[in-house]
Structures are given as structure tokens and as C-alpha cells.
1. Can you tell me which residues in the range 161-200 are of a type in the set (F, W, Y) and closer than 15 Å to L149 by Cβ?
2. Filtering the range 220-252 down to residues that are among the charged types (D, E, K, R) and assigned to a loop (DSSP other than H, G, I, E, B), which residue is surrounded by the most Cβ atoms within 10 Å (Cβ to Cβ)?
3. For the subset of the range 94-132 comprising residues that are of a type in the set (G, A, S) and farther than 13 Å from H70 by Cα, which member is farthest from the chain's Cα centre (by Cα)?
4. If I filter the range 220-242 down to residues being within 23 Å of S36 (Cα to Cα) and within 6 Å of the ligand (Cβ to nearest atom), which single residue comes out as modelled with the lowest pLDDT?
5. Exactly one of these conditions fails for D116: (1) away from the ligand (no atom under 16 Å from the Cβ); (2) under 24 Å from P186 (Cβ atoms). Give me its number.
6. So which residues in the range 203-219 are open to solvent by less than 10 Å² (accessible area, probe 1.4 Å) and within 12 Å of the ligand (Cβ to nearest atom)?
7. Name, by its number, the condition in (1) in contact (Cβ under 8 Å) with a residue 60 or more places away in the chain; (2) open to solvent by 40 Å² or more (accessible area, probe 1.4 Å); (3) more than 10 Å from the ligand (Cβ to nearest atom) that does not hold for S196.
8. Those residues that are away from the ligand (no atom under 16 Å from the Cβ) and either in a loop (DSSP other than H, G, I, E, B) or within 13 Å of S221 (Cβ to Cβ) (or both), I need them from the range 39-78; list them, please.
Amino acid sequence: MSRRFAPIAATVLAATVLSMPAAEAAPSIVGGEKGSLADHPYAVYLVDSHGTQFCGGVIVSRTAVATAAHCTIDVPPDETSVVAGREDKRSNDGVVLAVTDVWRHPDYRKPQQGSDLAVLTVRGQLPYRPAALARDASRYPAGTKATVLGWGRIADGGDRSDYLRQATVPLTDDATCRTGYPEYNPASMLCAGYPSGGTDACKGDSGGPLVTGATLVGIVSYGDGCGRPGKPGVYTRVTSFADDIAAHSGLG
Ligand code: 4AZ
């Protein structure tokens, strides 16, 4: 039976391959590529009591994960777990640790008002290398290439990814960010993305890391859609909150 269909399958496969642009990376995060925990071991995701992924996060110490404050609102902390060391949601790799404590930034109201930051304390230890915290803002000028990671939607309004994805996006200057978002506050927020869009974080990536090297510069916060021209991704600016993150991560 299956032999009868083989020529059809081969034809479909050939047609599919021929219709793909050269060097096409499957759409990701949005417009990125498959991510690697070997390169970014601090990238984690958050699951609810059903095991459903709903946000990203980033390991900042052996016992703490930074995420977006808005990721701590809908799912109560006692129903939230951190999944670390697992690139593929369908695998059993890595560890799943319960959240025992949440520090949410006291100024947080909604993402568009900034301070979209929380630190989760986990039960037990995270056996993966934490990200370093960016502290010196002068080291991250506009145009710096950064990497955003997550298991969120692979297209505006599309499905979430089963596999870790990553994308390279340049940090945006304040004027560009304000053009896209009149509420932009550079004291608390950071934008990243290309003027023409196409590459971005998306729904479900919230709380996840934006890094340069292994240094955390941003936490995925919000945006107007995903990958739209003139609408870069908005991130929590880590240089503004490094002391807060450290203080609530057992880093002193
Ligand atoms: C969200 O809804 C979301 N394009 C996160 C990031 C971005 C948009 C939406 C950035 O969680």
C-alpha cells in the first residue's frame, strides 16, 4: 500500500523543497531559527498546573528566575513551575521546579507602564549556568546585536513553538522606540528590532531573555503584534533593574 503512495510523496516533497527560498530558516520566535541551550543554558519556560507553557524566563542564580511581572498575574505562583534544560517541550529533558516565592516589582501596573519584572524563587537548585546581568548601559548602544529566545508564537497570531527558538535583533534608539510606542519610557524599557520588522519576540515569549553574549540586557515585555514594521519588541531594561534582580535572587 505505502509503495503506491511513494511517488506522490516524493513529488510533494520535491515541490515543497523547490518552493522554499534558499537558506530559509523556519519561522520562529518570529523570523529566527532553532535555539540552543548549549549556547543559552539560562533560557527557561514557565508552565501552569496542566503543564502548558505560558511564558519564558531566565536563570539569574542557582535558585532564581527573572521573568516579566505580567507573567505572574494570570497563573498563581503556587500553580507555576519552571522548566529548565529542555529545548523540546515534547521531551522529558532537564528539570521541572516548583515556584516557592515571587517578587513582583512594586511599580508594575501593566506592561505599557514599565517595571514589567518579577523574580521567581524555585524549590531546589537549577543545575544550569545563569545569565550575567547587564549593569553598564553605555556598553549597549543602539545597533548592538542581541539575541532573543523563547518557545512562543512563530507568527503573529500563529502557533507556539514546541522547540526553543532564537533570533538576532538590534537594540533600537529611544527616538525610534518612541515613534512606535508613545508611552515608551527609556528608564524602564528597551526596544529591539529592525525598522522593517520581520524578526521579533511574540506572544508566549514574554519573560524570556534578550542577551548580548551571555549577558542579560532585556526581558520580553510587549509589543504591537509581532515583527511589524515600525513596531519593535519592547523589553524590560535590565541595566535599570540589575540591583533589584540581584537583591531578590540571593545574589545580594
Ligand atoms: C505578548 O503578548 C507579546 N512583539 C510579547 C512580545 C511581543 C508582542 C506580544 C513583541 O506576550
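The values are calculated or read from the model by the stated rules, or taken from the named source; none is laboratory data. What you see is a predicted model, and the numbers here were worked out from it, not measured in a lab. Because the Cβ atoms are built from the backbone with ideal geometry, glycine has one as well, and the counts that use them run over all protein chains shown. Heads up: the accessible areas ignore ligands, DNA and RNA and are worked out on the full protein's heavy atoms, side chains in. Shrake-Rupley method; radii C 1.70, N 1.55, O 1.52, S 1.80 Å.
1. Going through the range 161-200, the residues of a type in the set (F, W, Y) turn out to be 163, 181, 184, 194.
Matches in the range 161-200: Y163 only.
2. So in the range 220-252, the residues among the charged types (D, E, K, R) come out as 224, 228, 231, 237, 243-244.
Next, only the ones that are assigned to a loop (DSSP other than H, G, I, E, B) stay: 224, 228, 231.
Details: D224: 13, R228: 17, K231: 19.
So, considering only residues that are among the charged types (D, E, K, R) and assigned to a loop (DSSP other than H, G, I, E, B), the one surrounded by the most Cβ atoms within 10 Å (Cβ to Cβ) is K231.
3. Taking the range 94-132 first, the residues of a type in the set (G, A, S) are 94, 98, 114-115, 118, 124, 131-132.
From the residues that got through so far, the ones that are farther than 13 Å from H70 by Cα too are 94, 98, 124, 131-132.
Details: G94: 18, A98: 20, G124: 23, A131: 13, A132: 16 Å.
For the range 94-132, the residue satisfying everything is G124.
4. It comes out as C226.
5. Unmet for D116, out of (1) away from the ligand (no atom under 16 Å from the Cβ); (2) under 24 Å from P186 (Cβ atoms): (1).
6. Within the range 203-219, the subset open to solvent by less than 10 Å² (accessible area, probe 1.4 Å) is 204-205, 207-211, 216-219.
Result: G204, D205, G207, G208, L210, G218, I219.
7. Single failed check for S196: (1).
8. D39, H40, P41, Y42, S49, H50, G51, R62, T63, P76
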